[in-house]
Amino acid sequence: MSEGDAMTLAALRGIVEARRIFYELAPEIALLGEERWPVGYELKLWAAHEKGARALPGCRKCQDIVEDLRRIAAWLTGPGGRDSAWELQPFDRALYDSRQFQGTDEIDLSLRLFHWSGAMGREVRAQRCLREMRRRLAQLGIAEGIWHPASAGPHAHG
């Protein structure tokens, strides 16, 4: 997304509503010998993709949805002096049956944040970055685990 494509908070919230975006967060774990070490996080942004004529992975509608997810990701990870950086992962061109909406697929776009837990400063910075990411997700009305309309209780926009 170029500088000229910057979107307002209201426009981004509109995308969240229209695409029914929610997120999932999971720790990234590395095996070092027999030990498991936390090395970062994966944040998946999920969006609804209506089933219907020509709903195939990588179709034009997928591309439009992924572009909207990239706009959201760009705003979430934009400038702000964070100590850690999120890395946008390539779109995997897959459709998943929605667990929330009957007759609907979902697509995802992943962001990853890495740190090495052996370096305490990095882990602390990664935790701070994660808190900031959660704050920004809440600003857009993006809930964890399941989509909520903007007017729904604690997930309402503030």
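Structural remarks
- Residue in segment 60-72 that is at pLDDT 90 or above, touching a Ser or Thr at 6+ places or on another chain (Cβ under 8 Å) and within 23 Å of Leu9 (Cα to Cα) present: no
- Criterion violated by Arg99 - all others in (1) in a loop (DSSP other than H, G, I, E, B); (2) modelled with pLDDT under 80; (3) basic (Lys, Arg) satisfied: (2)
- A count restricted to segment 16-65 and to residues that are crowded, with 20+ Cβ neighbours inside 10 Å and either part of a helix (DSSP H, G or I) or over 16 Å from the mean Cα position of the chain (by Cα) (or both) stands at 5.
The values are calculated or read from the model by the stated rules, or taken from the named source; none is laboratory data. Owing to the predicted nature of the structure, the values given are computational and were not obtained by experimental measurement. As a convention, Cβ positions derive from the backbone with ideal geometry for all residues, glycine included, and neighbour counts pool all protein chains shown.
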